[in-house]
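Working notes for the structure below.
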């Protein structure tokens, strides 16, 4: 705790911690729905599309995050419509989304003469460099995503576990899926500053699969996932600051460590219970 109190006196660390906590919460919430829908790589695909959008922004001189937002949302909605109309499997549509965004980015980079420092910051992230405007944007994203998911919570849960039953009950599944995809898109875009395009799926997937291993109910799993994510980003930022390491990599390794600890603890519990039963 003393380490945290030492660093929060700096403005850039205050912005980093506030942004990281806000991002980790919405990524955990949105990510749980994606993981249970077996769309774990959707976040990764959107991040690669964002890479294409960022490249467009840097190439045209427009603020990269705005072009990334527009490209990601339009692409996600378009691919979802394509999947529903042509019955393309979810993993195939995600692959199309991922490779298309990456291809656009690579072409624009080659035209513009190679990587720039700005592009590297978006690829690998650096939460320590967030500005006041970035913090405001991230908090606004939280203020939009969390209330909307709360309002449509029961409908989203029903669609996740039984989409056919949701259709039979009269829900407009297409509209709700589109709304959720838009929420997922803006969540991914807001998260790029934390871990970058290349590691964004870790925020979506790792805390949730860690929480799911504990076998709790849906709401408890969501809270556990948020707790794992918040701890990981705060611990990762603090350690990276004192160790002079990349924050994004440190955060992801912290999440992976918690996942591995959970696996070990669960296996030890199973073995212990077997020993008790045999006795």
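Since every read-out is calculated from the coordinates, none of them should be taken as a lab result. These figures come from a predicted structure and were not determined experimentally. Counting neighbours? That spans all protein chains shown, and the Cβs are built from the backbone with ideal geometry, glycine included.
Is the stretch 168-279 rounded, prolate or oblate when judged by the Cα gyration tensor, a ≥ b ≥ c being the square roots of its eigenvalues, rounded requiring a/c under 1.5 and prolate requiring a/b larger than b/c? Cα axes put the stretch 168-279 in the oblate bin.
Can you sort 268, 189, 213 from fewest to most other Cβ atoms within 10 Å of each residue's own Cβ?
On the way: 268 10, 189 27, 213 15.
Sorted ascending by nearby Cβ count, the order is 268, 213, 189.
Our estimate of slack between residue 243 and residue 132, defined as 0.36 nm per intervening residue step minus the Cα-Cα distance, is 37.5 nm. In this structure, residue 161 and residue 81 have a Cβ-Cβ separation that, at R0 = 25 Å, corresponds to a calculated FRET efficiency of about 0.60.
What length, rounded to one decimal in nm, is gained on full extension from residue 178 through to residue 151, with 0.36 nm per residue of separation minus their alpha-carbon distance? Write down the numbers at each step before the final one.
Values: separation 27, 0.36 × 27 = 9.72 nm, distance 1.53 nm.
Taking residue 178 through residue 151 to full extension adds about 8.2 nm, to one decimal.
On full extension, the segment bounded by residue 257 and residue 38 gains 76.5 nm, given 0.36 nm per residue less the C-alpha separation. Spin-label model, residue 99 to residue 74: label points 7 Å out along the Cα-to-beta-carbon direction sit 2.2 nm apart.
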